[in-house]
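Asker: Let me give you the structure first, and then I'll get to my questions.
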Amino acid sequence: MRGGPWSQLIGAVPLARFVAEDWQRRPLSVPGGARAELFSRERLDQALLAISRAPAAGGAETHIRAMFARRGGAAPAGDWMNVFEASPAQVAGLLEAGASICVHDVHACDRELARLAASLKAELGFAGRVGVSAYLSPAGEGLEVHLDAQGVLIVQIEGRKRWRMDDRPVVACPPANALLCQGGTSAWTEPLDPGRWPPPPARDPGSFHEIEMGPGDVLYVPAGTWHATEAITPSLGLAIYFAPITLPTLLENLLWSLFQDRPEWRAGPPVAPLLEETSGALPAAVADYFSARLAELRDALAAIDPGGLALGSLWRRMLVAAPPPEEEPGGAGETDADAPIGEADLLELSDELPVTWGAGVDRDGRPVTCIYRGEDEIGLSGDARAFVAGMMQRRRFRAGASVAWADPARPARWSEVQAVLEELCRRGVLRRAGGDPAPGGEVARDA
Ligand SMILES: [Fe+2]
């Protein structure tokens, strides 16, 4: 059976083992883990062309950075490398002049990479942002010793590149990138409050280990791990990055979902002219406002079940990335999603966007099962858990067979199941499958 994006990318290392032993803990090198044809210089050129035709086409995040390394080992802070924004037309000349090129968020201009990033995000269960950047380097060029604020999966596509790296992160979830400087010191690349954020511990690059990457090799570098790179031959690599979402951001979304229908919460604190202020105390109207909202907040938080549907729905929505760019018109096997479904019709889960689901109770305590696809949330009332579990497990099935998945104590009628299946087809969760059922698969047993 075809595995998920993780097993296709790094089949030699099971995802569960990676999460338990390596994720955010230590670098992991998987020689030959990926298909080098995951990407190519031709596809990068197409992405650059798309950016040059419509600079905003890939979204505001897509941009090109050129980086000239300064020679002579570790540099003083702020004197590490010359970095500047470049246009697609400048890329060839800059490479010729010895620059390394980063096309940040190239996935926004490449449908396959967008799908890879979205699938990895869903398969890993990562609530933050997953994106893909491409790095081009001429032979002999690369980046001096630094650490990144985000963990990355590196996939070497063309050429060979040498990585020198520490064996573990020196700081957990760094607030910024950092550089190793002259004299065994370090510095953040952004101005941070030094009282709260002392520079990360420096390490002796002499103790770093070396990894030479060739086409198809994969390397996981946890956030906060010192590393340096140097292309041995002209090199093209992908960096799939994992940018965390902070808990306050997640809670902000939760609060908004709880209180957006309340004018007091939408309006913020009341106006309170300070013309006559003498005491330094909070104006009574403002203090009363905070008091009332905090009381509501305490009640609302106390009522939230950590394993329930409200948080589950929020979290599952965060596992789904925005749709890939430019829908392909009329692909093979595309059929009318609005046509009635017959019991003999063959259906399958759409893989255009990751689909997840959760079951729980609504605010009134009634059972509800939710399916999440992209920004879409489809709530099925009643206890549809067994039906949805059956659908997610099989992925490809005869429509009529799904009647049997319902709870035996509450057998379903075909007309009920048919209505749900047609709604799921309209919403893009299911699609009609072309061709024959998979031999020996669930379809054959159920049909
Ligand atoms: Fe890096």
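Any read-out appearing in this document is the output of simple, stated calculations on the displayed coordinates, not a laboratory observation. Since the model is a prediction, treat every value here as computed from it, not as a measurement. FYI the Cβ positions are ideal-geometry reconstructions off the backbone, even for glycines, and counts take in every protein chain you see.
Asker: When ranked by the protection proxy of mean other Cβ atoms within 10 Å per residue, highest first, what sequence do the peptides 144-151, 161-168 form?
Answerer: Values: 144-151: 21.9, 161-168: 18.9.
Put in order of decreasing packing, that is 144-151, 161-168.
Asker: If I take R0 = 56 Å and measure r between the Cβ atoms of residue 37 and residue 274 in this structure, what FRET efficiency does the formula 1/(1 + (r/R0)^6) give, to the nearest 0.05? Walk me through the numbers on the way to the answer.
Answerer: Values: r = 65 Å, r/R0 = 1.16.
Computed FRET efficiency for residue 37 and residue 274: 0.30.
Asker: At q = 0.13 Å⁻¹, what log₁₀ I(q)/I(0) does a Debye calculation on the Cα points of the chain give, no solvent, two decimals?
Answerer: Scattering profile of the chain, log10 relative to I(0): -1.22.
Asker: I need to check one value: relative contact order of segment 5-243, counting alpha carbon pairs closer than 8 Å and at least 6 residues apart, in percent. The partial results should precede the final answer.
Answerer: On the way: 559 pairs, mean separation 68.2, N = 239.
Normalised by residue count, the contact order of segment 5-243 is 29 percent.
Asker: Here's a follow-up. Mind running the shape call on segment 5-243? Use the C-alpha gyration tensor, a ≥ b ≥ c as the square roots of the eigenvalues: rounded below 1.5 for a/c, prolate if a/b tops b/c, oblate otherwise.
Answerer: On the way: a/c = 1.42, a/b = 1.11, b/c = 1.28.
Verdict is rounded for segment 5-243.
Asker: Quick one: putting +1 on the C-beta of Lys and Arg, -1 on the C-beta of Asp and Glu, what dipole do you get for segment 5-243 around its Cα centre, in Debye to the nearest 20?
Answerer: Details: 21 positive and 26 negative charges, 58 e Å.
Magnitude of the dipole: close to 280 debye.
Asker: So for the chain, taking the charge dipole from beta-carbon charges (+1 Lys/Arg, -1 Asp/Glu), which of 220, 287, 236 sits furthest toward the positive end?
Answerer: 220
Asker: For the chain, give the magnitude of the charge dipole about the Cα centre (Cβ charges: +1 Lys/Arg, -1 Asp/Glu; no others), in debye to the nearest 20. Don't jump to the answer; show the numbers that get you there.
Answerer: Numbers: 43 positive and 59 negative charges, 174 e Å.
Value, rounded to 20: 840 debye.
Asker: Next question. Say the dipole of the chain comes from +1 at the beta carbon of Lys and Arg and -1 at that of Asp and Glu; which of 186, 101, 318 then lies farthest toward its positive end?
Answerer: Of the listed residues, the answer is 186.
Asker: Order of 21-29, 390-398, 236-244, 403-411 by packing, highest average Cβ count within 10 Å first?
Answerer: Working: 21-29: 16.3, 390-398: 18.8, 236-244: 21.1, 403-411: 12.8.
My ranking of the peptides, most packed first, is 236-244, 390-398, 21-29, 403-411.
Asker: Using a 7 Å offset from the Cα along the Cα-to-Cβ direction at both residue 314 and residue 389, what is the distance between the two label points in nm, to one decimal?
Answerer: 2.7 nm
Asker: Quick one: 225, 233, fewest Cβ neighbours within 10 Å first, how do they rank?
Answerer: Details: 225 26, 233 13.
Result, fewest neighbours first: 233, 225.
Asker: Assuming 0.36 nm per residue, please report the length gained on full extension of the stretch residue 176 to residue 17 beyond their Cα-Cα distance.
Answerer: On the way: separation 159, 0.36 × 159 = 57.24 nm, distance 2.79 nm.
Contour length minus the Cα-Cα distance gives 54.4 nm.
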